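Encoded as C-alpha cells, the structure appears first; notes follow it.
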Amino acid sequence: MSAATRSLALALLAGGIAAAQEAPLVRVGSKASIENEILGEMVTLLARHHGAKAQHRAALGGTQIVFQALSRGDIDVYPEYTGTLTAEILQDQSLRTDDELRAALASRGLAMTRPLGFNNTYALGLPEAAAERLGLESISDLAKAEHAGLRLGFSEEFMNRSDGWPGLKDAYRLPHRPKTLDHSLAYRGLAAGSIDVTDLYSTDSEIKYHKLRLLADDHGYFPEYHCVLLHRNDLAVRAPAVMAALVRLEGAIDNSAMSEMNTRRKIDHVGGRQVAADFLESRLKLDIELPREPNPLWAATRRHLLLVGISLAAAVLVAVPLGIWSYKWPKLGHGIMALVGIVQTLPSMAVLAVMLTFLPIGPAPAIVALFFYSLLPIVRSTLTGLKEIPNHLKESAIVLGLSPRARLWRVELPMASRSILSGIKTAAVINVGTATIGSLVGAGGYGDAILAGIRLIDIPLILQGAVPAAVLALVVQFGFDLLEPLIVPKGLRLAAGKG
Amino acid sequence: MLELIDVAKSFGGTQVLQPTTLRFERGKTTVLIGPSGCGKSTLLRIIIGLVEPDQGQVVFDGQKLTPANIMLMRRKIGYVIQDGGLFPHLSAIDNVGLLARHLGWSKLEVQKQAEKLAELTRLPHEALAKYPAQLSGGQRQRLGIMRALMLDPAVILLDEPMGALDPLVRYDLQEDLRKIFQSLGKTVVMVTHDMGEAGFFGDRVLLLGGGRIVQDGTLDELIAAPADDFVRRFISAQRLPGLNGKEVPA
C-alpha cells in the first residue's frame, strides 16, 4: 500500500468516524400535553439544527409511560417538571434541591438540565366572575362551610397524584368530593357551569382565554414545577453539540413566554413545530429551517393499516385454530371462550399499560393489544361456523372414509368459511376503530389527530382523525365483501342463495 | 363377508337393538324394513361405525371392525343417505371424487371413473360440473350413489335413499338402481319403510320391530305367512299393488 493510498484510506476512515459523530441519533419524547409537545418540538428542532438526526415521538402518554421510555432507552430526552420528579417519579419528598434531585437521577443513569425558566405548578381556578361573587381568593377559602357545596372537577392525574388532591384535601381540610374528568374538558365544564372549580397548570393558555382566577396556595402546598429537560446520561457523550445547544434553553423560557406559546398552539391552532421554531428564532436568534412534512394523512393511513393488518393477521393465525380446538374438544372450548371473553372485557388502557412493561413504545404494544381484541370474534365465528354444519353432512364425510384431517380441510373449514370470514371482518372493522387508542403509546395512526384534537379542543383536528378512521372502517368492510367470493366456495353461495 | 355377531344397542335406557346375529349374503340385496324406531337405521349405522354397539361385533371380510381400522373399512363400503348427502361447497364431480383425490387419484382418473358411473346411473353428463344446489333431487341422489360406487366397494349400504324423492323420480331411480346392483353383483343392505320398495329390491327382507328381527324371508313369504300379528298389521298397513288394503290372509 502506497503512502498516498494509505493516507486516503485514513482520511476516508476519519471521515466515516466524523460522519458518524456528526449525525448522532437523538430521540426526543414528550408527554401528552400541549406544552410538553411544544417543548419536545423545540428540543427536536434544536438537535436537528445542531447536526443530529432527531426524531420526536410526540405525546407518548402520561408521566409514567414517558419516564419508562426514557429509563429503558426508547428515548433520550424529554421535558419534565421538578415537582413531578420529586413526588411522582422518584417519590421521595426529602429531595429538596436540584442537586439532590440530580444525585437521585444519576443513580438511574439519568440527568437533567437546569430549569428552563417557567414554573408550571398546579393551581385551582374558577371563572373570575364566580370567584368575585363567592368571595374566593385562596384555597383556604374553599374550606369554609358555605363553600362545601361547590362542585370540584379534577383531572385523573391530579386526583391520583400524591401531590395532587389527596394531599391537598388533607392540607386544607377540604370537605368536597370532586369528580374526575379530562383536563381539556374541564374548561368546557367550567364554561358550561357543570363544575365550579378545576385544577390548572399555571401556564395554561385557558387562564387568560376563559378569564379564570387562580386561588392562592396560601399554605404553600403545591411543590414547584420547574421545567427541566430530563435526559439519559450518555446523551452528553453521544451528542455533545446537541447537549450544548439544549443548555441554551436553560432560563430562556419564562412563564409568560410559555403561556404565550401555549395560547398560540391551543387557541390560535398554530402547529407545535411552528410555535417552537418561532420561539427559537426570536429568542435564540437561530435560523430554523422547518422540514417538509410528508402528507400526514397518508402517513397516518399507512401506519393505521399496519397496526390493523399485522394484529389481524396474527389473530387469524391463532384464533382459527383455537376455534377448531373448541369445536373438537367442547370442554376445552368452554375454557377458550371464557378466556378470550375475559380478554375482550379488559380496558384498552390497562392492556396498553401492561404491554408497555415489556414492549418499547411505538406500534408493538398497540399491535399486541389489537391482537388480543381480535381473538373473540374470530374464535367464536370459527366455532359457530363448524357447529352449524348439518349433522348428516358431517356424517357423510365420516362414512366416506376421510381422515379427520381431510374432513377438516376439505369439508368442515370450507363449509365454515363464510362464518369465519364474517368474524374476521368484524374483528377488522372493530380494530380500525380501536387502533386509534394506539397513539397513547406512540403507535401513530389516526389516533394522533384525534387525541391532539381532544387536547386542543379542536373539533376539525379531531375530525381529521375520526373521519378517515370511519372511512377506513367502511373500506375494510367493503373490501371483505369483495373478498368473499374469492374465499367462500361458489357452491356454498349458490346454496345460500337458494335457501 | 358381512356379519353381525350378537350386536346390541340401547340409547338412554331404551333398547333400540336387541342382541342380533345376522349374516348378509354376498351379491344379494337385503332390505331392512319396519316402523320408525324399530332399530333398522341403528343397525346400518353400527355397520358403518357411526354408532358403537354396547356389545357384539361387526365382522367384514373376516376382520373385526375396531376404531383403529374403521376408517379403512369405510373405504370398502359405500354408504348412501337421503338426498345424497352431497357437500354444497363442492361441484358434483368433486363430491364424487373427494375420497379418490384424497387417496391420490389424478384428476383424469377421477374424471374417467365419474363419467363411467354417470353413464351407469344415467346422470346427464353436464350435471357433473354443477353444484348440488343447481341439481334436482333425483340428480343429487344419483350423485350420492356414484360417490358410494366410486372406489368400487363390495358392499353398499343405503339408508332410505328414496325418502326425499317424488314418486316418478323415485320409480325411475328404483329401476336404475336394481339394474346397477344386479349388474355389479354388489352386496347391498338397504333400509326403507316402504313395503313396495322392499319387495322390489330385496332378495331377502328383514322385518324389524321393537329392536329385533321379527321375520326374515322373501316378501312373498312375509305376505303368505306372517310370523305374528305385528307382521300382519305392518303388511296390511301398506298399499301394495294387487293388495289394495285388503286383509292379508292369516
Set of aspartates and glutamates near A:LYS328 by C-alpha distance (under 14 Å), chain-local residues within fewer than 8 positions excluded: A:GLU388, A:GLU412
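So how strong a dipole does segment A:296-495 carry about its Cα centre when Lys and Arg Cβ are +1 and Asp and Glu Cβ are -1, to the nearest 20 debye?
600 debye
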Hey, can you rank B:103-112, B:159-168 by average C-beta count inside 10 Å, highest first? B:159-168, B:103-112
When all alpha-carbon pairs of the protein assembly as shown are counted, what percent fall beyond 52 Å? 43 percent
Counting alpha carbon pairs within less than 8 Å and at least 6 residues apart, what relative contact order, in whole percent, applies to segment A:296-495? 26 percent
Between B:GLU52 and B:SER136, the FRET efficiency computed from the C-beta separation at R0 = 35 Å comes out, to the nearest 0.05, as 0.45
Which value, in debye to the nearest 20, describes the size of the charge dipole of chain B about its Cα centre when Lys and Arg Cβ atoms bear +1, Asp and Glu Cβ atoms bear -1, and nothing else is charged? 500 debye
Computed over the Cα atoms of segment B:7-93, what is the convex hull's projected area averaged over all directions, in nm²? 7.7 nm²
Considering Cα pairs under 8 angstrom that are at least six residues apart, work out the relative contact order of chain A and quote it in whole percent. 16 percent
Taking R0 as 35 Å and r as the Cβ-Cβ distance between B:ASP228 and B:MET1, the FRET efficiency 1/(1 + (r/R0)^6), rounded to the nearest 0.05, comes to 0.70
In degrees, nearest 10, the alpha-carbon axis of helix A:63-72 is tilted away from the dominant principal axis of the alpha carbons of chain A by 80 degrees
Trypsin sites (Lys or Arg not before Pro), restricted to segment B:1-71: which are DSSP loop and have at most 15 other Cβ atoms within 10 Å? B:ARG26, B:LYS28
Looking at segment A:380-416, which trypsin sites (Lys or Arg not before Pro) are DSSP coil and have at most 13 other C-beta atoms within 10 Å of their C-beta? none
List the trypsin sites (Lys or Arg not before Pro) within segment A:199-240 that DSSP assigns to loop and that have no more than 15 neighbouring Cβ atoms inside 10 Å. A:LYS211
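Calculate the translational D of chain B in whole µm² s⁻¹ from Stokes-Einstein, where the hydrodynamic radius comes from the Kirkwood formula applied to all Cα pairs, the temperature is 20 °C and the viscosity 1.002 mPa s.
Estimated via Stokes-Einstein, D reaches 113 µm²/s.
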Which length gain, in nm to one decimal place, applies between A:GLU132 and A:ILE457 when the Cα-Cα distance is subtracted from 0.36 nm times their residue separation? 114.3 nm
Dipole of the protein assembly as shown, Cα-centred, from +1 at each Lys and Arg C-beta and -1 at each Asp and Glu C-beta, to the nearest 20 debye? 2400 debye
16 Å Cα-Cα reach of B:LYS112 towards lysines, excluding residues that sit fewer than 8 places from it in its own chain: none
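For the ranges B:74-84, B:209-219, what's the packing order if you count other beta-carbon atoms within 10 Å of each residue, average per peptide, and put the highest first? The partial results should precede the final answer.
Details: B:74-84: 22.0, B:209-219: 18.0.
Ranking the peptides B:74-84, B:209-219 by packing returns B:74-84, B:209-219.
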Distance-filtered residues of segment A:136-176 - backbone nitrogen under 16 Å, label point 7 angstrom along A:GLN93 Cα→Cβ: A:160-174
If I model a spin label as a point 7 Å beyond the Cα along the Cα-Cβ vector, how far apart are those points for A:GLU146 and A:MET349 in nm? 3.7 nm
Would you order A:LEU486, A:LEU352 from fewest to most other beta-carbon atoms within 10 Å of each residue's own beta-carbon? A:LEU486, A:LEU352
Please work out the C-alpha center-to-center distance from segment A:353-391 to segment A:307-350 and express it in whole Å. 5 Å
Within the set A:LYS208/A:LYS266; A:LYS387/B:LYS40; B:LYS76/B:LYS130; A:LYS169/A:LYS266, which residue pairs have Cα atoms separated by over 23 Å? A:LYS387/B:LYS40; B:LYS76/B:LYS130; A:LYS169/A:LYS266
Given 0.36 nm per residue, what is the gain on full extension from A:ALA314 to A:ASP218 after removing their alpha carbon distance, in nm? 28.9 nm
Enter the Cα centre distance for the pair segment B:167-203 and segment B:1-51, rounded to the nearest angstrom. 19 Å
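Pop the C-beta distance of A:ALA470 and A:GLU289 into the FRET formula with R0 = 30 Å and round what comes out to the nearest 0.05.
About 0.25, to the nearest 0.05.
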What is the average number of partner chain Cβ atoms found within 10 Å of a Cβ in B:79-88? 6
For segment A:122-215, what is the relative contact order in percent, using Cα pairs closer than 8 Å and at least 6 residues apart in sequence? 47 percent
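Computed from the coordinates by the stated procedures, all read-outs in this text should not be read as laboratory data. No experiment lies behind these values; they were computed from the predicted model shown. Neighbour counts run over all protein chains shown; Cβ positions are idealised from the backbone, glycine included.
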